[in-house]
Structures are given as structure tokens and as C-alpha cells.
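Read the structure below first, then the notes.
Rule-based calculations on the coordinates, nothing more; no lab input. Quick caveat: nothing in here was measured; it's all calculated off a predicted structure. Don't worry about glycine lacking a Cβ; one is built from the backbone with ideal geometry, like all the others, and counts go over all protein chains shown.
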Amino acid sequence: MKPRQILPVFLIAAILLPASTTLGQTERPTAMRLFPHETLAFLRVAHGRELYERFRTTGFGQMLDDPEVAPFIQETWAFAGQQFDDNSAEDAGFNWDDLAHVPKGEIAIGVIDRGEADTGVLVLADFDGQQVDVDFLTDKLDERWEKEAMVVERSDVNGEQLTVVRRGNDRASSFGYFVKDTCLVGSNDEVLLEHVLERWAGRAPVVEPTEDTDEEAVTSGEPLPGERSLAENQHFQAILRECSTQLEEPPQILFYVDPITTMRRVFRGNFGAGMALATFPALGLDGILAVGGTATFATEKWDSLTHVHLLLDNPRSGVLTLLRFKDGDITPPDYVPAKVNGYSTTYMDAPGIYERLIQLVDQFRYEGAFEDSIEANISDQLGIDFREVFINNLAGRASTLTSFNEPGRAVGEQRAICVTLLDPELASKALATVAEDKGELEEREFGGLKYYFFTPRFARDRPEEERFMTPSFGVLDDTLIFTTSTSLMEVLIETHQGTRPRLADSIEYKVIQSRVERLTRGRQLALFYYDNPAEAIRHWYDLSQADSTRDNLANWGENSAAAAGFLDVLERSELPPFEVIQKYLVPKGGYLLDTDTGLHFMVFDFRQEAAP
């Protein structure tokens, strides 16, 4: 075994080993060993209390505990609690303060494939030895059953009391649960609960074939549905293996989904969905085997580390062959400003993807159908040759960025999509042609450069600075740029001309790019990702301090207790200067790799003391 493969093996073993327990309790298997092999969707928190404590030590958690920020957070939390108690507590059956009784150990929920029957649900909540919290929950459940006049049956299964509740004689609505060693397990299927108890005792469940059981599986001696655990699921194992790189310890959060089987079960009996699902093999979409990921917080090196893996069949076919990435420089172009809250870039073989798309569409219709549709719906409508002007003119690089308009307004995040061109003059002439033919496009000159924009009908009665979006198009040197606001377009032009700081010159950005290059060790990136949460939080911070925001809250507060209450929080607990908050916020980096097993996405941010 290669040295770099040893750590993932140890981590996978640690994830699957028995869950930690309070002194005096016997160890039990983790949720992955208790849930069945046929689990379609799975979410697990390894230990609730540990996750909370780790979060408190992250940069964001430390910010919430800062002496200058904490009063505002405490007031907001108290306000949220009062709103819940006033409006939702009666229906929920518990008060805000009762949240102190939430499970503090392992927590897991899964959706289970039950063949021809509807999907099952399985929930595990470990109270980490806190019997008082278990008693609180079971008492609340008993109160709810009595209030709603539910039928309650209790029986003994493998020495444990199994409680099953239902409405009248409707067994299809039944839900059962048991408590063992301060761990509550519940399901809408009694058989699933019995199987959990068998696995907990270290035994494989005894499953008898039914009318729905595949006859070939019975005669071949293969394990029957229900006999194996999720930990033995090969796709689940592959997700764990792929998401264990760069980890220093087992993750606190884990998720897994079998998307295709899930859709087939959820939409069973739906004729339209069934017709769509029937095309999946021809489209190659049945090659999507699973998706899953892990999240880890507050390790020696990382403030947070997230892996997501899309597990694909190999070789790929159909739509999945459209994924054709190329290598290239990830450094931000000179028009990307330093004050962005998100930036990403990728390189793709656009003409090759287009050709493959033509083949895929035409196989379901007739030869030439896709290009006929493009010509009728795009080229003829715009008065240009779409394929020649756009598709064949793409150089391969596409970048996106997100930012907020300046000065800050509550119109939301603005976006830009930027693609490099082989012949920018051809694209410029095409934009001019479209603008001339389509009266809704307006021309504007800024910084000696022309760009075009249009105002959606729903926003025409508003001043430009208050519009939710004003889509804009322009060619900047060798790049075609689309933005959702004229303000952002003009910021990009100013940055290109050198009158604004550039992201490529930012020290924070350079640190992230350098670490990504070290982590990927020269491998071709499918996508590079940069995120600066400080810019987004700065935007909302500035809005919270604006007189206009408080005036709006005061007006809304005349008819909304929530708006009036939040305004009261803002006025009683002033936030400190933004610099106090900013010192806790560090940029995030990430990358996408196209591997033999699928697409792998990783996002990270450093522990501040560990940052290079």
C-alpha cells in the first residue's frame, strides 16, 4: 500500500468503528453499521456536542463569542426564542429553552429502499448518556400521542421495549421507536427496527425471501435485501475513500445519496416522471452512482474542510461525456476586482461539447434536429449565426464572480459570467447587430468602452440603483462579459483599466491559489474556486447600519412584530466596528477534479494560526 493511501484507510476504519460512549456504557456500532445496505440517503453527525464545541473554536465561532459581538448575538438569540415561543411552541409541543435537551451524541437519519413498498425512514439519536434528556423526549412524545388520540402498542423485541403508534387502524401511518443505552432509534417500519437491534447485537438479520425478492438473488446465494449494513455498500465505501484525502481525523458530518434509485422510488407511479427516467440509460445518466461528502471543523490545519464526490460509472456515456475539461492558468484576469466575495474559473472544450450535444439530441429526434432548433430559436431571433459567433468563437476559459453593488443596497448579490474569445471583434459586431435589431437593448459608454444593457419590464418603474437586476453585455479585450447589473459591469471596466485594486494582486488570494496548487500537485483542475466571506458580511453589516434600513424596519414594524422586535435588537445592542468582525473571517479556497471515479470537489479555509 502506498504511504498516501494509509491515512484514508485508517480514517475509514475510524468512521466505521463503534461509537464513543459515556463511561459505564457498552460500545455500540456506528449508524453506518446499524443502517441497512439499501439506504438511499443518509446524513450523520458523529457527535453533536463535539461538533458544537469545535464550531465554537472556528473563526466564525470565535467571532460570535467576541465580547463586542456577543451582546448582539445574545439579544438576537433571545429575540428568536421569544418569536418561537409566541408563534410556534404550542404547535411544536416544546419551548425554545427545551432545545437544551437535544441529542448530544451521534445523530443520523436515512431514507431506506423497501422494494415495492414506499421508502422507509430510519432515525438514530444518541443522547450521550444523558438519561434526563431521553426522559424529556419520551415524555413529550407520550403527551403528543395522548393529545392526538393515537393508538399506542408496546412489545418486547430482543429484550428491548418497542413502542409503535398509529392513527386508529391505519397501520400504514405507524411509527415505532425504542430506546437502548440512552440512544433512541425510530422508523416507520418495525422490521427495520428489528434489524437494527440484530446488528447492534453483532448478528446479521435473518431475512426470508418474499414475493418481491429477485429469484436470481435467491438462487445465486447473494445477500438478500436487509442482510447487510450500509458500511458494506460499495458505493458508500467509495464515497468515504474519496472524501478522506487531506483529513487529519474522522469527519464530524457525513452525507450520502443514491440519486437515481431515489428518484425511481419517489416518482414510482408518476407516468411523466417514469417516461423521463426511462430515457436515463440512453442519456448515460444511470452512470451517476452516488453523491456524498464529509465536513470537518477545527483541526490543527483547517478551520473547516469539506469534500463532495460525485461517483460516476467508468467508462462514461451519454450526457456524462460532455464533461470535457482542459488545463489553464487559474490566475484571475485583470478585470476581476479585489472586492469580490466569490470567483471561479474553468477551461472546457466548448466546440467539442457542442458537437457531442448535437449527437445526443439528434439520436432522440432526427439528424440535424438540434441545429434546426438553435437556428429557429436563437440565430433567427437574434439575427446572427449563433454557432459561428459564439460556440466556435470560444477560446475555452469561463470565469464567474459574485459581488455587491456599491454603495450597498438590499438588491442582493450580483454576478458576472466571463468567457474568453478567439475573435472578440466578431462578438462585438454581433452585439451591435442584436442591439440594433432589438430595441430593448440600450447602449452605454463607460471608460471609453461600449456595453449594452436592458431593463426587465417588472423593474422599469424603479430607479436604476433599486432594480433587482439590469442585465448587461460587453466585450472587454478578448472577453465577452455578462453581468446582472450595470454597476458591476462598470466596476469590471475600472478594474481592467487599473483604477481599482485587482484580486490577482491580493495577498489573501495568492495564499489560497498557492495552497490549491500544492494540494493538487500539478493535477489538471476542472475548476478553481475562491470565496471571501468578509465581503458578503461587510455588505450586510453596512446595510444593518444604514438609516434607510432602520426606517424600513420601522415601517414594516407597524404590521409585523418580528420587524419591530429586530429593530429593537439593533438599537439596544449596537454592533462593533466592522474591523472587529473582519479579523475572524478568512477566505476559502476550493477545486474540482475530474477523476477516474467521478468529480471531486474540495473546499477549505485555514485555522488562522496555521495559515501560511
Report task. Quick one: work out Rg over Rh on the C-alpha atoms of region 114-265, Rh as Kirkwood radius. Result -> 1.00
Report summary line: Distribution output for region 113-168: share of Cα-Cα pairs per 10 Å bin in percent, first bin at 0, values 18, 38, 38, 7, 0
Report task. Would you mind classifying region 525-576 by shape? Square roots of the alpha carbon gyration tensor eigenvalues, ordered a ≥ b ≥ c; an a/c under 1.5 is rounded, otherwise it is prolate if a/b is larger than b/c and oblate if not. Result -> prolate
Query raised in the report: At q = 0.06, 0.09, 0.11 Å⁻¹, what base-10 log of I(q)/I(0) does the Debye formula yield for the chain when every alpha carbon is treated as an equal point scatterer in vacuo?
Result: -0.43, -0.99, -1.36
Query raised in the report: Using Cα pairs under 8 angstrom and six or more residues apart, how large is the relative contact order of the chain, in percent?
Result: 15 percent
Query raised in the report: residue 172 versus residue 443, label points 7 Å from Cα toward the beta carbon: distance in nm?
Result: 6.6 nm
Query - Relative contact order computed over region 379-506 (Cα-Cα under 8 Å; 6+ residues apart), in percent - result: 24 percent
Report task. Mind listing the long-range amide H neighbours of residue 226? Cut-off is under 5 Å, sequence gap 5 or more, other chains count too, H placed in the peptide plane at 1.01 Å from N. Result -> 37, 38
Query - Packing rank of 89-97, 535-543, 303-311, where each peptide gets the mean count of other beta carbons within 10 Å, highest leading - result: 303-311, 535-543, 89-97
Report summary line: Heads up, region 248-382 by the C-alpha gyration tensor (a ≥ b ≥ c square roots of eigenvalues; a/c under 1.5 rounded, else a/b over b/c prolate, else oblate) looks oblate
Query raised in the report: Taking a label point 7 Å from the Cα of residue 508 along the Cα→Cβ vector, which residues of region 542-570 have an amide N closer than 20 Å to it?
Result: 542-545
Query raised in the report: What order do you get for 321-327, 528-534 when each peptide is scored by the mean count of other beta carbon atoms within 10 Å, highest first?
Result: 528-534, 321-327
Query raised in the report: Each residue of region 279-290 in turn: what ³J(HN,Hα) in whole Hz from Karplus with 6.51, -1.76, 1.60 and θ = phi - 60°, glycine and Pro shown as x?
Result: 7, 4, x, 5, 7, x, 6, 5, x, 7, 8, 5
Requested in this report: Report, in degrees rounded to the nearest 10, the 0 to 90 angle that the Cα long axis of helix 70-87 makes with the longest principal axis of the chain.
Outcome: 60 degrees
Requested in this report: Using only Cα atoms, figure out Rg for region 301-448 and give it as a multiple of 2.2 N^0.38 Å.
Outcome: 1.31
Report summary line: For the chain, the longest principal axis of the Cα atoms and the Cα long axis of helix 424-437 enclose an angle in degrees, to the nearest 10, of 90 degrees
**Report entry** Net charge, residue 78 excluded, C-beta distance under 13 Å - Lys, Arg +1, Asp, Glu -1
**Finding:** -4
**Report entry** Rg/Rg_globular for region 455-612, with Rg_globular taken as 2.2 N^0.38 Å and Rg from C-alpha atoms
**Finding:** 1.38
Query raised in the report: Taking square-rooted eigenvalues a ≥ b ≥ c of the alpha carbon gyration tensor, is region 246-325 rounded, prolate or oblate, where a/c under 1.5 means rounded and, failing that, a/b exceeding b/c means prolate?
Result: oblate
Report summary line: Percent of all alpha-carbon pairs of region 535-612 at distances over 16 Å, whole number, is 67 percent
**Report entry** Förster-model FRET efficiency, 51 Å R0, residue 327 and residue 580, C-beta, rounded to 0.05
**Finding:** 0.75
Requested in this report: Using only Cα atoms, find the angle between the long axis of helix 561-572 and the longest principal axis of the chain, and express it within 0 to 90 degrees, rounded to the nearest 10.
Outcome: 70 degrees
Query raised in the report: What number, rounded to the nearest 500 deg cm²/dmol, is the helix-based mean residue ellipticity at 222 nm of the chain, given -39500 (n - 2.57) per DSSP H run of at least four residues and division by all its residues?
Result: -10500 deg cm²/dmol
